[in-house]
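Every number in this text was worked out from the coordinates using simple rules, so none of it is lab data. Since we're looking at a predicted model, the values are computed, not measured. Every residue, glycine among them, receives a Cβ derived from its backbone with ideal geometry; neighbour counts consider all protein chains shown.
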Amino acid sequence: ETGVTQTPRHLVMGMTNKKSLKCEQHLGHNAMYWYKQSAKKPLELMFVYNFKEQTENNSVPSRFSPECPNSSHLFLHLHTLQPEDSALYLCASSQGQGGEGGELFFGEGSRLTVL
Amino acid sequence: SQKIEQNSEALNIQEGKTATLTCNYTNYSPAYLQWYRQDPGRGPVFLLLIRENEKEKRKERLKVTFDTTLKQSLFHITASQPADSATYLCALQADSSYKLIFGSGTRLLVRP
């Protein structure tokens, strides 16, 4: 148990579907992140929220839409995805930004398959 | 462009030996370097953080070195155990930045 919970753990969707990934952290952290992990590739930072304000959008296509209603919850809304979007989507949180206190606590991930 | 290189080939060692994993970077001046462990199908787990002005850091059987001249970090696991088998990721961070840039990771296999 890492203190960061992601649901669902597995998701299969068609290209025309709309679905959402959910993340909740119980650590009292201020920053939350979405990362994408594809096979044989490094983790790619997608979005960063600090005190529920978006501070980073790493050139992510608009078919991915994040939402952060408060410092404990983070969503990733998915719409008209492509098969190449199939990956492990990881949510993380951190107490601070950078340096000591900036280490990330990850959830177990949501494995997404787009048919 | 910024680049982080970790050996893509798996490191296969005998139980009890010291495992040494390498992280090299170019076109980057990180203030902090972190190491994570990732098991198959799981999220990464933070292990150690080292600052640019620290040469070495230890935690139990783990040791990390950081050489900003060579642009390299070494990650050592002494007295390795089969339970240490996992993928190990290094990640670099600029000063006061939330952007953590990850390497692709190196898979470690410890044979009993």
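Just add up the charged neighbours of A:VAL60: K/R +1, D/E -1, any other residue whose Cβ is under 10 Å from the Cβ of A:VAL60.
Taking every other residue near A:VAL60 into account, the sum is 0.
Can you list the GluC sites (Glu not before Pro) in region B:17-68 that are in a DSSP coil and have 10 or fewer other beta carbons within 10 angstrom?
Qualifying residues, ordered by number: B:GLU60.
Past the 22 Å Cα-Cα mark, which pairs from A:LYS18/A:LYS40; B:LYS63/B:LYS99; A:LYS36/B:LYS99; A:LYS19/A:LYS40; A:LYS22/A:LYS52?
Correct reply: A:LYS18/A:LYS40; B:LYS63/B:LYS99; A:LYS19/A:LYS40.
Please give the FRET efficiency for A:VAL12 paired with B:ASN12, using the beta carbon to beta carbon distance and R0 = 25 Å, rounded to the nearest 0.05.
Plugging the Cβ-Cβ distance into 1/(1 + (r/R0)^6) gives 0.15.
Could you work out how much longer the chain between B:ASN27 and B:LEU62 gets when fully extended? Use 0.36 nm per residue separation minus the Cα distance between them, nm to one decimal.
Contour length minus the Cα-Cα distance gives 9.9 nm.
Short version: ³J(HN,Hα) in whole Hz for each residue of region B:50-57, in order, from phi by Karplus 6.51 cos²θ - 1.76 cosθ + 1.60 (θ = phi - 60°), x for Gly and Pro, what are they?
Result, rounded to whole Hz: 10, 8, 5, 8, 9, 8, 8, 9.
Let's see if you can work this out: charge +1 on each Lys and Arg Cβ, -1 on each Asp and Glu Cβ, no other charges. What is the dipole magnitude of the protein assembly as shown about its Cα centre, in debye to the nearest 20?
It comes to approximately 400 debye.
Give the list, by residue number, of cysteines in chain A with no other Cys Cβ closer than 4.7 Å, or say none.
Isolated Cys, chain A: A:CYS68.
At what distance in angstrom do the alpha carbon centres of region B:1-40 and region A:68-115 lie from each other?
The two parts, judged by their Cα centres, are 23 Å apart.
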